[in-house]
């Protein structure tokens, strides 16, 4: 068992981890998530992908959740994201958008 000798201030602001950066996240904005969902729908339609229906449903869920002021149904969104990810080509920008949207929604 080792010991950790700390010789810094023991009161006030603490900077543990993140190399001393204090990062405060307010959470993703609904507009930001909708923007990424719009980009995803637009991209999949341009590629004439079979996954565009899943993207449209995902965007609809985001819009309904925002208008009803409720959280997004994570299970349904996760399913649509998986469908899109599994059907997208490796070089497609859809994979980046799916990853970005999953991070925004905390999935």
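A short reminder: the numbers here are calculations on the coordinates, not readings from a lab. All values derive from a computational prediction rather than experimental measurement. Note that each Cβ is placed from the backbone with ideal geometry, even for glycine, and that neighbours are counted across all protein chains shown.
Hull surface divided by four, with the convex hull built on the Cα atoms of the stretch 26-105: how many nm²?
The number I arrive at for the stretch 26-105 is 4.8 nm².
Here the extension length gained between residue 66 and residue 34 equals 10.6 nm, from 0.36 nm per residue of separation less the Cα-Cα distance. Potential lengthening of the chain between residue 50 and residue 96 amounts to 14.8 nm, from the contour at 0.36 nm per residue minus the alpha-carbon distance. In terms of its C-alpha gyration tensor, the stretch 47-87 comes out oblate, because a/c is 1.5 or above while a/b does not outweigh b/c.
Between residue 89 and residue 42, the modelled label-to-label distance comes to 2.0 nm, taking each label 7 Å out from Cα in the direction of the beta carbon.
Descending by average beta-carbon neighbour count within 10 Å, the peptides 31-40, 44-53 line up as 31-40, 44-53, the highest first. Taking 7 Å steps out from each Cα toward its Cβ at residue 76 and residue 103 produces label points 2.6 nm apart.
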